[in-house]
Amino acid sequence: MTLQVSGASIVRGGVRTLNQVSLSVARGERVALVGHNGAGKTTLMKAVLGLWPLDEGEVSIMGEPPGSKAAQERTAYLPENVSFHPALTGREVLQMLASIRKDSASVERLLERVGIADAASRRIGTYSKGMRQRLGLAQALLAQPRLAVLDEPTSGLDPVSRNDFYKLVDELAGNGTAILISSHALTELEAKTDRIAILRNGHLVVNDTLTALRQQAGLPIKVRITANSMLTDAIAESLGGRRINGQSLELVCAPETKVKTLSRITELGSIIEDVDVIPPCLDELYQYYSAEDQQ
């Protein structure tokens, strides 16, 4: 296991900011860490990086303690607001960091890979936030890390930059790097991670795949029907549901009645032009599992 967290607890000012958290990330796995502000996400990430000592439990990276030279050499970190000296160029920063990681041969390739090769000779003080994040990702890619810890890495990025960023993350995972990523942008995490871990008040409340979380929650499913606009009202009378635009009707059903609902729709025949089944999204699941009355 690349990252193993076992029974991790941290107490600050008499408050348990982490409470018996156990979490693992395997080689090539992408695990999303989500929760409200103050839930313990950054605390856990700092513990993984060896920046905050545990009061209980243990963390290991490839069998090594966090903060050790061996763990540091295998771990890359990208924070929400990456900072480099504004007077240096992007190339100078990456060359300096590459010499430390003994990967100087990768500098030009990585600058090209993250899309800032044309700006590599400019001073970082002239970079936009998106460009600084791309440079931060380039340094995270040095020496092909075994573990990448990404704390709100797409905050402030435009949609194109976010898409490019996740392509690089997917490439990292495809090459065997374990990914631990924290983000409030749940919609983008939904299709970009293999497992979801939700923290609430320092407790890990769920840790599973999106499919498993949907099955466990049992939240309603939406079925969206498209039909001739002249017939939508008649279909609504037959099936129920609400009209959401000129041609579409949305039904809500329990997971156990989904097949029956689809069968009723099929019986309507050719007047139905299209049907979409929409399972609960990660935003809805997060609201469900992060509620105080969920154990």
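Some values worked out for this structure:
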quantity	calculated
Qualifying residue in region 214-235 (condition: surrounded by fewer than 17 Cβ atoms within 10 Å (Cβ to Cβ), outside the structural domain of Q20 (by the TED database) and of a type in the set (V, I, T))	yes
Sole exception among (1) in the same structural domain as A191 (by the TED database); (2) under 20 Å from Q144 (Cβ atoms) for D55, by number	(2)
Positions within region 46-63 being buried (at least 21 other Cβ atoms within 10 Å of the Cβ) and closer than 22 Å to Q139 by Cα, in sequence order	A47, V48, I61
Out of A76, A71, sole residue that is part of a strand (DSSP E or B) and either under 30 Å from N201 (Cα atoms) or touching a Phe, Trp or Tyr at 6+ places or on another chain (Cβ under 8 Å) (or both)	A76
The one condition in (1) in a helix (DSSP H, G or I); (2) surrounded by 17 or more Cβ atoms within 10 Å (Cβ to Cβ) that P66 fails to fulfil	(1)
Residues of region 273-295 classified as in a helix (DSSP H, G or I) and in contact (Cβ under 8 Å) with a residue 60 or more places away in the chain, total	8
Residue in region 84-95 that is hydrophobic (A, V, I, L, M, F, W, C), in the same structural domain as L157 (by the TED database), farther than 22 Å from S290 by Cα and surrounded by 22 or more Cβ atoms within 10 Å (Cβ to Cβ) present	no
The listed residue being without any contact (Cβ under 8 Å) to a residue 40 or more places away in the chain, out of contact with any Cys (no Cβ under 8 Å at 6 or more places or on another chain) and in the same structural domain as A234 (by the TED database), out of T261, T257	T257
In region 46-88, the residues that are closer than 16 Å to S6 by Cβ and either within 20 Å of the chain's Cα centre (by Cα) or aliphatic (A, V, I, L, M) (or both)	A47, V48, L54, V59, I61, M62, A71
Residue in region 23-42 that is in contact with an Asp or Glu (Cβ under 8 Å, 6 or more places away or on another chain), surrounded by 16 or more Cβ atoms within 10 Å (Cβ to Cβ), assigned to a loop (DSSP other than H, G, I, E, B) and in contact (Cβ under 8 Å) with a residue 40 or more places away in the chain present	yes
Sole exception among (1) assigned by the TED database to the domain that holds K167; (2) loosely packed, with under 12 Cβ neighbours inside 10 Å for L210, by number	(2)
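The values are calculated or read from the model by the stated rules, or taken from the named source; none is laboratory data. What you see is a predicted model; the values in this text were computed from it and never measured. As a convention, Cβ positions derive from the backbone with ideal geometry for all residues, glycine included, and neighbour counts pool all protein chains shown.
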